[in-house]
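The values are calculated or read from the model by the stated rules, or taken from the named source; none is laboratory data. Note that the structure is a prediction, hence the values are computed from the model and not measured. Neighbour counts run over all protein chains shown; Cβ positions are idealised from the backbone, glycine included.
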Amino acid sequence: MVKGKVVALDGAKAVAEAMRQMNPDVVAAYPITPQTEIVQTFSQFVADGKVDTEFIPVESEHAAMSACVGAAAAGGRVQTATTSAGMALMWEVLYVAASTRLPIVMHFVNRALSAPLNIHCDHSDSMGARDAGWIHLFAENAQEAYDNAIQSVRIAEACMLPVLHTQDGFIISHGVERLQILPDQAVKDFIGTYKAEHPLLDTDHPIMVGPVDLPDFYTEHKRQQVDAMEKAPQVIRRVGQEYGTLTGRTYGLVEPYKLDDAEVAIVVLGSTAGTSKVVVDALRGKGVKAGLLKLRAFRPFPAQEVAVALRDKVAVAVLDRSMSFGGQGGPVFLETCAALYNGGGRARAINYIYGLGGRDTTPDQIERAFQEILNISTPGKAPVDADQSERGRQSPG
Amino acid sequence: MAKQPGWKDIPIGGLILEGGTAVKYETGSWRSNRPVLDKNKCTNCMLCWVFCPDSAIVVRESKMLGYDLEHCKGCGICARECPVKAITMVEETKFREGSNG
Ligand code: SF4
Ligand code: SF4
């Protein structure tokens, strides 16, 4: 195990630091709003000559992802960063990146989509792209964002799939935390060198990238993507283990917290897992058998782990920081229910939509969710927003 | 018909692992207008060869010889760009029906 250095950084700067240590061949990013400090900080490293990266400050996020596709097809190690509406503008090319099987890494910050205009934390942006064919990893804090950034490169290149790893906007991206960073050489050794199998720039072996794919082979290429996603959990676990050997911080697809003997549990992604752990500890102190299942990977969805972890619970509350309008719940809820159903679980599940547009989610609200699932005997419908329901409630007296 | 290769048999990402394969895909049937060359006007300036998006201008020894009609899509760019108006676009039906119109 190598000795890390303890630093105080916000999540955005922690990821920029990881990018400096990884020294990618190409970073293409849109340099203006809605961009984050990840790109601002990294472009300073470029200007200061601290990396060899070719930094392409493109005219839009559509162009950013397109430049990434070109550079990755050429055979480079390629990264980008964006958030919110920036990802929305990348939309078309996100699919091209995944379907062309290019191991691009996107350092992401979750923020709300317009309208009304809002810049704060919300998972609607990356959740909208959940079916684009990318691997999605979530972080609970700045340390995990830093660690995920480094592991993403290995995961992407082993799966030949692009990886988006994300952190909660402002809560993590702008909150200064204490974290450990690795020595530069350790990062370099961990990610190793990348040699593309079929680089477009290898003129001795000419290839064609992105040809027309009519009904005779389109399905076959989609089937290959399914196969790659099915193999991804193994890779994510293996890389997470190896990272654990290096740093003492081991990663998998999920992180159960006091879950083994729990009767009720919360399922959540991102920074709210931290808040929920505090509540679980408090409830445990009062003798309540409460537990938590934090999801690190959302794509591929760790259905088997979720089913095994939750199947003997009486009730679970699934927390979603995004809406699926007209759907039967948020994306985390729908996936969790499907995993429970297919895994033969009997746990009752209830969905809470929380923290939209950066609204604070407090330990009180999490505790109330636990109270409600403790009371569940028949499937019920939760208020759309705990805070909203509070506002509408008659105050006693 | 020979059995098509399955998903395990083909390169990932839609790659084609050789160059120059566009020639195998015949786009000539898409054409509704056919370029016709007036050899008397042509100065062999090669502008049509530069502009043709389908590499369908046949050139040998610096001479513009005509068109590769298996690949010419009939876009009309060559006719538009020819500085001496040596190329005319003629409706494809005129050739197919053998009409004199
Ligand atoms: S019509 Fe278009 S495709 Fe055909 S030869 Fe002229 S430029 Fe090429
Ligand atoms: S552009 Fe016109 S003049 Fe020039 S080579 Fe073509 S047909 Fe001939």
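Which of the residues that make up the stretch A:147-169 are of a type in the set (S, T, N, Q) and over 10 Å from the mean Cα position of the chain (by Cα)?
Those that are of a type in the set (S, T, N, Q) and over 10 Å from the mean Cα position of the chain (by Cα): A:151, A:152.
In the set A:278, A:226, which member is of a type in the set (A, V, I, L, M), surrounded by fewer than 20 Cβ atoms within 10 Å (Cβ to Cβ) and farther than 24 Å from residue A:331 by Cβ? Explain how you work it out, then say what you get.
Details: A:226 fails: farther than 24 Å from residue A:331 by Cβ.
Criteria check complete, one pass: A:278.
Name the residues in the stretch A:131-146 that are acidic (Asp, Glu) and under 12 Å from the mean Cα position of the chain (by Cα), would you?
Matches in the stretch A:131-146: A:140, A:144.
Mind telling me which of the residues A:201, A:214 ends up being in contact (Cβ under 8 Å) with a residue 12 or more places away in the chain, over 28 Å from the mean Cα position of the chain (by Cα) and not assigned by TED's automatic domain parsing to the domain that holds residue A:370?
Exactly one of A:201, A:214 is in contact (Cβ under 8 Å) with a residue 12 or more places away in the chain, over 28 Å from the mean Cα position of the chain (by Cα) and not assigned by TED's automatic domain parsing to the domain that holds residue A:370, namely A:201.
Suppose we filter the stretch A:14-32 for residues that are outside any loop (DSSP other than H, G, I, E, B) and in contact with an Asp or Glu (Cβ under 6 Å, 6 or more places away or on another chain); how many remain?
Matching residues across the stretch A:14-32 total 2.
Looking only at the stretch B:40-60, filter to residues that are of a type in the set (D, E, K, R) and modelled with pLDDT of 95 or more; which one of those is farthest from residue B:80 (Cα to Cα)?
From the stretch B:40-60, those of a type in the set (D, E, K, R) are B:41, B:54, B:60; that's our starting set.
Filter once more, keeping what is modelled with pLDDT of 95 or more: B:41, B:60.
Values: B:41: 15, B:60: 22 Å.
The extreme case among them is B:60.
Just wondering, is there one or more residues in the stretch A:75-87 that are among the aliphatic types (A, V, I, L, M), closer than 22 Å to residue A:212 by Cβ and in the same structural domain as residue A:43 (by TED's automatic domain parsing)?
There is no residue in the stretch A:75-87 that is among the aliphatic types (A, V, I, L, M), closer than 22 Å to residue A:212 by Cβ and in the same structural domain as residue A:43 (by TED's automatic domain parsing).
Could you list all residues from the stretch B:20-67 that are assigned to a strand (DSSP E or B) and touching a residue at least 40 places away in the same chain (Cβ under 8 Å)?
Answer for the stretch B:20-67, where residues must be assigned to a strand (DSSP E or B) and touching a residue at least 40 places away in the same chain (Cβ under 8 Å): B:33, B:34, B:35, B:36, B:37.
Out of all the residues in the stretch A:149-173, which are buried (at least 24 other Cβ atoms within 10 Å of the Cβ) and in contact with a Pro (Cβ under 6 Å, 6 or more places away or on another chain)?
Correct list: A:156 only.
Which of the residues that make up the stretch B:19-53 are within 21 Å of residue B:92 (Cβ to Cβ) and within 14 Å of chain A (Cβ to nearest Cβ)?
B:25, B:26, B:27, B:30 - these are the residues of the stretch B:19-53 that are within 21 Å of residue B:92 (Cβ to Cβ) and within 14 Å of chain A (Cβ to nearest Cβ).
Residue pairs, Cβ under 7 Å, 6 or more apart or interchain, first in the stretch B:7-18 and facing chain A (nearest Cβ under 7 Å), second outside any loop (DSSP other than H, G, I, E, B) and of a type in the set (Lys, Arg). List them.
Partner pairs satisfying both residue conditions: B:7/A:223.
State which residue is farthest from ligand 2 (Cβ to nearest atom) when the search covers only the stretch B:43-86 and only residues that are over 16 Å from the mean Cα position of the chain (by Cα) and closer than 23 Å to residue B:32 by Cβ. Explain how you work it out, then say what you get.
Initial filter on the stretch B:43-86 (over 16 Å from the mean Cα position of the chain (by Cα)): B:43-45, B:61-63, B:83-86.
Within this subset, residues satisfying the condition of being closer than 23 Å to residue B:32 by Cβ are B:85-86.
On the way: B:85: 8, B:86: 4 Å.
Checked the stretch B:43-86; the qualifying residue farthest from ligand 2 (Cβ to nearest atom) is B:85.
Out of A:347, A:369, A:317, which single residue is under 13 Å from residue A:268 (Cα atoms) and either among the aromatic types (Phe, Trp, Tyr) or in contact with a helix residue (DSSP H, G or I) (Cβ under 6 Å, 6 or more places away or on another chain) (or both)? Even if it seems obvious, please write down each step before you answer.
Details: A:347 fails: under 13 Å from residue A:268 (Cα atoms); A:369 fails: either among the aromatic types (Phe, Trp, Tyr) or in contact with a helix residue (DSSP H, G or I) (Cβ under 6 Å, 6 or more places away or on another chain) (or both).
Result of the check over A:347, A:369, A:317: A:317.
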